[in-house]
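See structure below.
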Amino acid sequence: MCGIVGYIGKKNAVPILMDGLSSLEYRGYDSAGIAAMDKGQLCMSKRAGKLKILAECLKKNPVKGAIGIGHTRWATHGEPNEINSHPHYSCKSDFVIVHNGIIENHHELREKLKKEGHKFRSQTDTEVVVHLIEKLYKGNLLKAVCAAIRQLHGSFALGVISTHHPDMLVAARKDSPLIVGVGKGENYIASDVPAILKYTREVIYLDNNEVAVLTRDKVALYNTKEAPIKKKTAKIKWDSASAEKAGYPHFMIKEINEQPQVLKTILNHRIKGNRVVFEKFNISEAKLKKINNIQIVACGTAYHAGLCGKYILEKLLRLPINVDTSSEFRYRDQIITKGRTLIIVVSQSGETADTLASLREAKKKGAVVASICNVVGSSIARESDGVIYTLAGPEIAVASTKAYTAQLTTFYLLGIYLGRIYGTVSDKATKKLLGELAKVPGLMTQSLKEHKKVKKVADQYIRRYDYRLAEQLMFLGDEIWRFKDPKKALAFAQQCAKKSHSAYGKRFGDFPFLYLGRNVNYPSALEGALKLKEITYISAEGYAAGEMKHGPIALIDEFPLVVCITPQSAVYEKMLSNIKEIRARKGVVLSVATEGDKEIRKKEYSDYVIEIPKIDEFFSPLLVALPLQLLSYYIAVGLKCDVDQPRNLAKSVTVE
Ligand code: AGP
């Protein structure tokens, strides 16, 4: 969480910092700030709220300087107000710092520093770092930063500048991502590549406990004992356009539409003849042959991909497969057999704190660790024994879409790859499976062409509930129906309700969604519900349809919308029975069904139907994902929600 950026060169740093922050806003958007130094004078500007508020403020009160640091915050310690926004100054305002991470021993450090006379301005954990540097500074900024970070517990990516060194920017990292961008006569730091991609493609990925000293013409690297170290620069191959909206109104819809191309890319890279190939996957066949159990670990959407991965791998490998959320796995008394347990960690960002901690825990216990990761060079990718990149390109929207289907695809390929090694997937089976997979990009394109039908369902849903809500607020059923437009009905009801009724604030609170699926589409139900709640704030639950009778059925009346994932499959009839049970209780049903399914369209089953193209049940989660993503997207747009940056969330959760 939080994004940091820094620049040193000859240009005005401020537009570069603001530009960088705009590509890092996905990491947090509670507040933003920058500091720049001009002729040895430090100047700072920071504001609560999104970056655009800071941009407005900079228009009125410009800041300039050829060296600077910037920050976009996801609050952990201290509320997201202006004082707690980064950068943070030392007492004499001669040092200034931006930080991503959590300083776990900040409390004791703060108490100590306070006793020594340091005056704190904010409630953040970060501020102790700048006071510590101020205290330890004896004329050498590198030494002071190293001495300070040797006292820190927790995680940090830091950018530090000081009036004592107007031509120097110092950066350091431990457990929070940080890269150095190497330019010509200028250098950069950033939490992530897109922030600097417009300016340079040459980057150095800092590892834990590494410190970088940037001047205009040089980047020098050290360990925390100030001993110089050498590292290679990497060249970024993708361009900045892939991290831009390309004419779409939101990153999310752009990324939804990219899925057919992402799948094509994966299949082109990974399939050679009748073989799945993972180049640079550094776990030997001999090692893999010793594996007798697999544990999948991930968070959020990646966990849902992992859950589907369990169904896929179980079917193809006939091995015991377990799946767990990282936050649970890391603290459990896990059963890991040295050299026999394969841990598969799944992460888009490759920086999720709980997933990274699980990976380290599993490694310590002797597991073989493979990762399915999107961000190249991320911590998880680098710390795994073998990494399979998902090749989805940068995913910017907080709600994960293309990374999810790329993770699913990777699981299918990994299943085939391992199945060949274990002898559970024959040549003939490989051919059939790869043949089915090859159809998916085309079917996805076909499915996305129908996006207007999904939008119509989303609009109908909003319309229906606008009326319902208006009706409820008015307590006057008939009165409200005289309005031709539900929005007018709602506005009228709101007006009346304002004085006496506070229920509008709970909009949709009474109209939850329930997503039901079975077998490989049980994870699809969980993912559908997550997508909806994170971008629309409507409460949504995902359930295994067979579990409905064990509790969730109590929710059913005419208010919730029950999304039933019912493609043609071995469990189709079971799903129909579930739907009947819902209908018997006046439940409203939206079915996601295979094209041409006439049965499900009957009124006794569905109020709304969204179709997916025909596909083998085993691969259906790849197609089911798309309309569910679109449904959430269009409802969010209809409700005027902030689609790409939903409240309280951040793209990569780098704190526990
Ligand atoms: C997905 O829409 C969410 N934003 C979130 O659940 C995400 O999948 C989770 O935080 C895991 O992130 P990772 O894949 O980067 O590890």
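Just a few scattered comments:
- Given a 1.4 Å probe and the protein chains as shown, Arg275 ends up with an accessible area of around 120 Å².
- Of Lys198/Lys218; Lys439/Lys531; Lys52/Lys198, pairs whose Cα-Cα distance is over 23 Å: Lys439/Lys531
- Equivalent ellipsoid semi-axes, the stretch 350-393, via Cα gyration tensor eigenvalues times 5, rooted, Å: 18, 11, 7
- Surface exposure of the stretch 305-347, expressed per residue as accessible area with a 1.4 Å probe, stands at 45 Å².
- Lysines whose Cα lies under 21 Å from that of Lys580, excluding same-chain neighbours fewer than 8 positions away: Lys549, Lys598, Lys602, Lys603
- Ordering of 375-383, 101-109, 297-305 by packing [mean C-beta count within 10 Å, highest first]: 297-305, 375-383, 101-109
- A straight Cα-to-Cα reach below 21 Å connects Lys364 with the lysines Lys174, Lys287, Lys289, Lys290, Lys338, residues fewer than 8 places away in its own chain not being considered.
- Solvent-accessible area of Asp175, all protein chains in place: 40 Å² (probe radius 1.4 Å, heavy atoms, ligands and nucleic acids excluded).
- If you sort Trp238, Trp481, Trp74 by accessible surface, 1.4 Å probe, largest first, the order is Trp481, Trp238, Trp74.
- Accessible area in the full protein assembly, largest first, 1.4 Å probe, for Tyr311, Tyr331, Tyr515, Tyr89: Tyr331, Tyr311, Tyr89, Tyr515
- Rounded Å value of the spacing that divides the Cα centres of the stretch 97-120 and the stretch 566-611: 58 Å
- Residue-normalised accessible area of the stretch 3-242, given per residue in Å² at a 1.4 Å probe: 40 Å²
- A simple rule links phi to the HN-Hα coupling: the Karplus curve 6.51 cos²θ - 1.76 cosθ + 1.60 with θ = phi - 60°, which for the stretch 66-80 gives 8, 9, x, 9, x, 8, 10, 10, 10, 5, 10, 10, x, 5, x Hz, with x for Gly and Pro.
- Alpha-carbon centroid distance for the pair the stretch 165-229 / the stretch 303-345, whole angstrom: 36 Å
- DSSP-defined beta bridges in the chain - what % are antiparallel, rounded to 5: 60 percent
- Measuring nothing but protein heavy atoms, the accessible surface of the chain at 1.4 Å probe radius is 52 percent carbon and sulfur.
- Long-range tail of P(r) for the stretch 535-656 (Cα pairs > 26 Å, %): 28 percent
- The stretch 1-118: equivalent-ellipsoid semi-axes (sqrt of 5 x gyration tensor eigenvalues, Cα, Å): 23, 18, 12
- Distance distribution note for the stretch 3-242: the fraction of Cα pairs above 22 angstrom is 46%.
- With Cα atoms defining each centre, the stretch 142-159 and the stretch 11-76 are spaced 22 Å apart in the structure.
- Normalised by 2.2 N^0.38 Å, with N the number of residues, the alpha-carbon radius of gyration of the chain equals 1.02.
- Taking only the C-alpha atoms of the stretch 535-603, Rg followed by Dmax gives 12.1, 34 Å.
- Pairwise Cα inverse-distance average, inverted: Kirkwood Rh of the stretch 293-447 (Å): 15.7 Å
- Candidate cross-link partners of Lys92 among the lysines, defined by an alpha-carbon separation under 17 Å and a same-chain spacing of 8 or more, comprise Lys114, Lys115, Lys119, Lys135, Lys138.
- Based on the convex hull around the alpha carbon atoms, the stretch 59-138 presents an average projected area of 6.3 nm².
- Our estimate of slack between Lys138 and Lys338, defined as 0.36 nm per intervening residue step minus the Cα-Cα distance, is 67.2 nm.
The values are calculated or read from the model by the stated rules, or taken from the named source; none is laboratory data. Fair warning: this is a prediction, and the values are worked out from it, not measured in the lab. Using ideal geometry, Cβ is built from the backbone for each residue, glycine included, and neighbour counts are taken over all protein chains shown. In case anyone asks, the SASA skips ligands and DNA or RNA and just uses the protein heavy atoms, side chains included. Shrake-Rupley method; radii C 1.70, N 1.55, O 1.52, S 1.80 Å.
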